[in-house]
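Rule-based calculations on the coordinates, nothing more; no lab input. Nothing here was measured: the structure is a model prediction, and the numbers come from that model. Every residue, glycine as well, gets a Cβ built from its backbone with ideal geometry; the counts of neighbours run over all protein chains shown.
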Amino acid sequence: MSQTESQPRQRALVARLMAACGGSYSPEVRRKFRISGPQWAAAYPGQALFHAPTREPVPPARVIECFAAIGIGLWTTHDTDIIATEDLMTPKQDEILDVIDRALRQNGVKCSMVTGETFHHPVWSASPAGEQPEVRAYARRRLENVVAIGHRLGAEFAVYWPGTLGYQFQGVVDEPRMLRRYAEAINAACDKDLALAQTEGRPPLRHCLEAKPFEPQAELLLPTTDAMLAFIDSGLLSHPEMVGVNPEYLHELMWGGAPRAALARALLAGKLWHFDVNDGYRLKHDVDLGVALVNPLDWLNVLILLRSHGYDGPFNLDYKPPRTTSNYGVFEVSFPSAVDRFITLWEIAGEALADPVIAEATRALEAGAGEVDASDAGAIFEANRELWTLHELIAHRLVQILLGLHRGRVLLDLGS
């Protein structure tokens, strides 16, 4: 069978089985959630350190059109996802942005966030905050230009991932000096933002820092969300009130941390403004799998946390459709299923928050045993001995809710 004959039959099979999976939502329902789709994720051709590309590139207008059809109403991008490095800050940039702005308007999609590429081009080999003043000057211009692109496309957020802010060899850089120099770049972006916002009569962007524990430098200076929070509060930033964090689920998981705990600390600091959603494995590299494909129970608890503490920022689908998925499959399977898993878990989180069993167990734990001598550790332990069993009961109940067991789902034929 020729390729011309086999492709339609295979696509029909994929479409039929996708429909057989069920559990999908309409585009109208999907648009009710602040879920954003990145240009880089949809256009990812499958290349990696050990992998050749398996898909064709997808231009921005096509990505925006497909997102609109799926029901993803927000679009995000790196500057160089849409504009070649040599065309940045030139008249060609304006021409490209005009085309993209038109595509966004025609499809009813909004640009939610822009971010800058300060990790791939050879100019960033020794970081955007290294020794050479001309590199740092160029980095400042690039971040200022990211802000300009954001205003041009109507974005609300700008995100910065300082993936090369670090070193390969010990003793080569002065770490405090590099951090100060990086702060200068963020300050330049904020100053540019304030000037543009005043000129154009629109609100300033919300600037978010994204941490990652490993890659591409051997040692990173801001590897975790907690490090970013400390950097924001360090006194190095001219406008710390303009800067928050954009945690990525997998980045916090990679180093062995608990994403939920990192999110909680950012919430308490009032700095959780944007959230990159994906999945993967602890103590591994950045596989960027779709949300809840590996850790659905953990994801349920993450969404319980965010729902119960009023997070209202976007959920950015920062993942890579696997190399085994075709161009057709990216928009027919990968993105729709990622959105639907997220929405389902969001709704299950709401069900868990309203569950009477969990509510009663939580109230009992918080009430404690009652009148106990607060100076007698042994008496306190004995008085609460049975209450503490509720911790495991709550965990069991959450799994029941996730699997639908609380609705009476059981195996009817267990055999003899």
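Here are some notes:
- Of all DSSP-defined beta bridges confined to the chain, some 15% are antiparallel rather than parallel.
- Debye, to nearest 20: dipole size of the range 356-407, +1 on Lys, Arg Cβ, -1 on Asp, Glu Cβ: 460
- Stretching Thr4 away from Thr389 to a fully extended chain increases their span by 132.4 nm, per 0.36 nm per residue minus the current alpha-carbon distance.
- Per-peptide average of other Cβ atoms within 10 Å, ordering 269-276, 12-19, 144-151, 390-397 highest first: 144-151, 269-276, 390-397, 12-19
- For the range 356-407, the square roots a ≥ b ≥ c of the C-alpha gyration tensor eigenvalues yield an a/c of 1.5 or more together with a/b exceeding b/c, which makes the shape prolate.
- Coordinate range along principal axes, alpha carbons of the chain, Å, largest first: 71, 68, 45
- The residues Leu353, Leu49, when put in order of fewest to most other Cβ atoms within 10 Å, stand as Leu49, Leu353.
- Spin-label pair Glu219/Tyr281, simplified geometry with 7 Å Cα→Cβ offset, distance in nm: 2.8
- Gain on full extension, evaluated as 0.36 nm per residue between Leu267 and Glu347 minus their Cα-Cα distance, stands at 26.7 nm.
- Span-like helix ranges in the chain, DSSP H, alpha carbon extent 20 angstrom or more, Kyte mean at least -1.0: 3-21, 91-107, 133-153, 175-200, 335-353
- Using R0 = 41 Å, the C-beta based FRET efficiency linking Gln170 and Lys92 works out to 0.50.
- Each of Ser24, Ser6 was scored by other Cβ atoms within 10 Å of its Cβ. Arranged with the fewest first, they read Ser6, Ser24.
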